[in-house]
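Report on the following structure.
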Amino acid sequence: MIEEEKIRQWLTDEDFLREMKYDENADFHCIIEFPKDNIMDVVKPTGKDCIVIACATQVAPQHLSLMQSSSKQTQKDFIMQLNFGLNQFLVDYELQVQNDILQQFVVTDQIFEDGLTKNEFIRTLKRVFKAKLHCIWLIDEKFGNVTVNVTPSNQNDMFI
């Protein structure tokens, strides 16, 4: 059995826990900040023997504009390169794409009860974050680097 108190304690010990959130589909749902200024979700779905770690990211309007002004081939190549890159992280992901333009992406991974240790938990947080970072860096590489000032917000978490 996955104990909410143990997960909460690990998150508190590392100063990652920001809030507990009510979720009718979960035994517990934590909003965390890992690393600084990056909001992620840690969820224990009801009736499942795993926890899910998730990070949803909206593509910045400035990047959307740069993507839209690029060639169709560049857009298609970018999506293919993104798929290949994310696949190497051994995470699950979902790309929301409209007309070959990436709008949003969600990176998730899960840890099953029999493999849940603090070490594996932290490693999974890192893997999900690094996959997100890969997406951001690839967008910057393909379409130019724009500075976006973002304040961490729970309004865009994936389970609202």
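The values are calculated or read from the model by the stated rules, or taken from the named source; none is laboratory data. Here the structure is a predicted model, which means the values were calculated and not measured. Heads up, the Cβs are rebuilt from the backbone with ideal geometry, glycines too, and the neighbour counts pull from every protein chain shown.
Observations, loosely collected:
- Qualifying positions in the range 50-74 - of a type in the set (A, V, I, L, M, F, W, C) and in contact (Cβ under 8 Å) with a residue 40 or more places away in the chain: C50, I51, V52, I53, A54, C55, A56, V59, A60, L66, M67
- Residues being more than 25 Å from V43 (Cβ to Cβ) and part of a loop (DSSP other than H, G, I, E, B) - total across the range 79-109: 2
- Any hit, the range 76-83, residues being buried (at least 17 other Cβ atoms within 10 Å of the Cβ), among the charged types (D, E, K, R) and modelled with pLDDT of 95 or more: no
- Residue in the range 52-75 that is touching a helix residue (DSSP H, G or I) at 6+ places or on another chain (Cβ under 9 Å), of a type in the set (D, E, K, R) and modelled with pLDDT of 95 or more present: no
- For the range 12-32, the set of residues classified as outside any strand (DSSP E or B) and out of contact with any helix residue (DSSP H, G or I) (no Cβ under 9 Å at 6 or more places or on another chain) consists of T12, D15, Y22, D23, E24, N25, listed by residue number.
- Positions within the range 120-147 being over 19 Å from the mean Cα position of the chain (by Cα) and either surrounded by fewer than 16 Cβ atoms within 10 Å (Cβ to Cβ) or among the hydroxyl-bearing types (S, T, Y) (or both), in sequence order: E141, G144, N145, V146, T147
- Residues that are polar (S, T, N, Q), within 21 Å of E113 (Cβ to Cβ) and part of a loop (DSSP other than H, G, I, E, B) do occur in the range 38-47.
- In the range 4-47, the residue that is surrounded by the most Cβ atoms within 10 Å (Cβ to Cβ) out of those that are closer than 21 Å to F129 by Cβ and basic (K, R) is K44.
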